[in-house]
1. With the requirement that a residue be out of contact with any Lys or Arg (no Cβ under 9 Å at 6 or more places or on another chain), outside any helix (DSSP H, G or I) and touching a residue at least 12 places away in the same chain (Cβ under 8 Å), what does segment 1-49 give you?
2. Tell me, which residue of segment 35-50 that is among the hydrophobic types (A, V, I, L, M, F, W, C) and closer than 22 Å to I61 by Cα is least open to solvent (accessible area, probe 1.4 Å)?
3. Tally time: how many residues in segment 1-12 are open to solvent by less than 90 Å² (accessible area, probe 1.4 Å) and either within 13 Å of the chain's Cα centre (by Cα) or within 15 Å of I67 (Cβ to Cβ) (or both)?
4. Among the residues of segment 17-34, what is the count of those that are open to solvent by less than 90 Å² (accessible area, probe 1.4 Å) and either more than 16 Å from I61 (Cβ to Cβ) or basic (K, R) (or both)?
5. Tell me which residues, restricted to segment 58-69, are part of a helix (DSSP H, G or I) and either loosely packed, with under 12 Cβ neighbours inside 10 Å or touching a His at 6+ places or on another chain (Cβ under 9 Å) (or both).
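The values are calculated or read from the model by the stated rules, or taken from the named source; none is laboratory data. Worth saying up front: this structure is predicted, and the values here are computed from it rather than measured. Positions of Cβ are generated from backbone atoms using ideal geometry, with glycine treated the same way; all protein chains shown enter the neighbour counts. We work out accessible area using only protein heavy atoms, side chains counted, and drop any ligands, DNA or RNA first. Shrake-Rupley method; radii C 1.70, N 1.55, O 1.52, S 1.80 Å.
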Amino acid sequence: MLMIKGLREHLVTVDKAANEMEDLLTEQMSKAEGITEELKRKDMFERVGRRNNLKNRVREIIYHDYIYI
(Lines give C-alpha, C1' and ligand atoms only; values in the text may rest on other atoms or scores of the structure.)
Protein backbone atom coordinates (compact mmCIF):
# COMPACT_ATOMS: atom_id res chain seq x y z
CA MET A 1 0.00 0.00 0.00
CA LEU A 2 2.81 2.45 0.82
CA MET A 3 4.50 1.67 -2.48
CA ILE A 4 1.31 2.51 -4.39
CA LYS A 5 0.96 5.80 -2.51
CA GLY A 6 4.59 6.67 -3.21
CA LEU A 7 4.20 5.82 -6.89
CA ARG A 8 1.05 7.92 -7.14
CA GLU A 9 2.79 10.92 -5.53
CA HIS A 10 5.74 10.52 -7.87
CA LEU A 11 3.49 10.36 -10.96
CA VAL A 12 1.58 13.46 -9.84
CA THR A 13 4.87 15.32 -9.33
CA VAL A 14 6.21 14.30 -12.75
CA ASP A 15 2.91 15.21 -14.42
CA LYS A 16 2.86 18.66 -12.81
CA ALA A 17 6.49 19.34 -13.75
CA ALA A 18 5.94 18.17 -17.33
CA ASN A 19 2.84 20.35 -17.76
CA GLU A 20 4.62 23.40 -16.37
CA MET A 21 7.60 22.82 -18.65
CA GLU A 22 5.29 22.34 -21.64
CA ASP A 23 3.60 25.68 -20.97
CA LEU A 24 6.92 27.46 -20.50
CA LEU A 25 8.57 25.98 -23.61
CA THR A 26 5.49 26.64 -25.74
CA GLU A 27 5.44 30.28 -24.71
CA GLN A 28 9.18 30.80 -25.19
CA MET A 29 9.40 28.98 -28.50
CA SER A 30 6.29 30.74 -29.84
CA LYS A 31 7.91 34.11 -29.17
CA ALA A 32 11.22 33.02 -30.64
CA GLU A 33 9.57 31.74 -33.83
CA GLY A 34 7.19 34.65 -34.28
CA ILE A 35 3.98 32.74 -33.70
CA THR A 36 1.95 35.73 -32.54
CA GLU A 37 -1.56 37.13 -32.51
CA GLU A 38 -0.50 39.31 -35.44
CA LEU A 39 0.27 36.18 -37.45
CA LYS A 40 -3.14 34.86 -36.43
CA ARG A 41 -4.79 37.95 -37.93
CA LYS A 42 -2.68 37.84 -41.11
CA ASP A 43 -2.76 34.11 -41.86
CA MET A 44 -4.68 31.92 -39.45
CA PHE A 45 -3.89 28.66 -41.27
CA GLU A 46 -0.15 29.38 -41.26
CA ARG A 47 -0.31 30.08 -37.53
CA VAL A 48 -2.26 26.88 -36.84
CA GLY A 49 0.24 24.81 -38.79
CA ARG A 50 3.24 26.38 -37.10
CA ARG A 51 1.60 26.11 -33.67
CA ASN A 52 0.80 22.41 -34.17
CA ASN A 53 4.36 21.75 -35.28
CA LEU A 54 5.67 23.60 -32.24
CA LYS A 55 3.40 21.63 -29.87
CA ASN A 56 4.67 18.35 -31.30
CA ARG A 57 8.29 19.41 -30.87
CA VAL A 58 7.64 20.58 -27.30
CA ARG A 59 5.99 17.26 -26.44
CA GLU A 60 8.97 15.35 -27.80
CA ILE A 61 11.27 17.44 -25.60
CA ILE A 62 9.06 16.77 -22.57
CA TYR A 63 8.86 13.05 -23.29
CA HIS A 64 12.62 12.85 -23.65
CA ASP A 65 13.45 14.90 -20.54
CA TYR A 66 10.68 13.85 -18.14
CA ILE A 67 9.03 10.64 -19.28
CA TYR A 68 11.63 8.47 -21.04
CA ILE A 69 14.41 9.05 -18.54
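1. none
2. Restricting attention to segment 35-50, the residues satisfying the condition of being among the hydrophobic types (A, V, I, L, M, F, W, C) are 35, 39, 44-45, 48.
Checking which are closer than 22 Å to I61 by Cα leaves us with 35, 48.
Numbers: I35: 13, V48: 68 Å².
Restricting to residues being among the hydrophobic types (A, V, I, L, M, F, W, C) and closer than 22 Å to I61 by Cα, the top hit is I35.
3. 0
4. 1
5. E60, H64, I67 - these are the residues of segment 58-69 that are part of a helix (DSSP H, G or I) and either loosely packed, with under 12 Cβ neighbours inside 10 Å or touching a His at 6+ places or on another chain (Cβ under 9 Å) (or both).
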